[in-house]
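Please read the structure below before turning to the comments.
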Amino acid sequence: MGNVTLIGMPGSGKSTVGVLLAKFLGYGFLDVDLLIQQQQNALLQEILDSRGVAAFLDAEEQAVLGLQCDEHVIAPGGSAVCREQAALHLKKLGPVVYLRVELEELQRRIQNLSTRGIAMEPGQTLADVMAMRAPLYDKYADIIVDCPAGQSLAQTAQVVLEQLRQKGLLP
């Protein structure tokens, strides 16, 4: 059966769409950010503040490489694609869907940039992070789903489901 992984920028709706998609499919839901917090016994922002971005990416990669599940919708952090081994492991687990959201919409959605636990270096903007990650999302995605402003997350989940079925990536 396999899993479905949702990738994309912070604020793209991976967790919420993931829960809805899991309900539609009768799958479990796995939020990798929560897994990292459990494994590291710290909040994402605490890991970033105390250990830095590289250590955070190491922890994220470890969490992803440890995933062994079936019939789950997986929502990794937006930075999971920054480590090739992690991205390739997600692809082995099943189809990868990129939730592509325009920068302006992400900026509207993310009000807590400095406390949200986003892997970004000091001085980097959301636009900088997006410019670096977008080619990686494109590279690892089996399906790209555009998520226009005004589309509800429930509608996005429905579009993901339809595209997975159309491409024969679901039973």
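Laboratory data are not the source of any read-out in this text; all were calculated from the coordinates shown. Just so you know, these numbers come straight off a predicted model, no measurement behind them. So basically every Cβ, Gly included, is an ideal-geometry build from the backbone, and we count neighbours across all protein chains shown.
Observations
- Total lysine pairs under 18 Å (Cα atoms) in the range 4-166, excluding pairs fewer than 8 apart on one chain: 5
- Shown here for the range 64-129: GluC sites (Glu not before Pro) in loop regions (DSSP other than H, G, I, E, B) with at most 15 other Cβ atoms within 10 Å, namely Glu71, Glu102.
- Contact order relative to length of the range 4-166, as percent, for alpha carbon pairs under 8 angstrom and 6 or more apart: 35 percent
- Cα centroid separation, the range 115-145 to the range 81-113 (Å): 7 Å
- For the range 1-120, radius of gyration divided by Kirkwood radius, i.e. Rg to Rh on alpha-carbons: 0.95
- Directionally averaged projected area (convex hull, Cα atoms, the range 45-171), nm²: 8.2 nm²
- Principal axis extents of the Cα atoms in the range 6-61, from largest to smallest and rounded to whole angstrom, are 39, 21, 16.
- Shape class for the range 105-144: prolate, because the ratio a/c of the largest to smallest gyration tensor axis (alpha-carbon atoms, square roots of eigenvalues) is 1.5 or more and a/b beats b/c.
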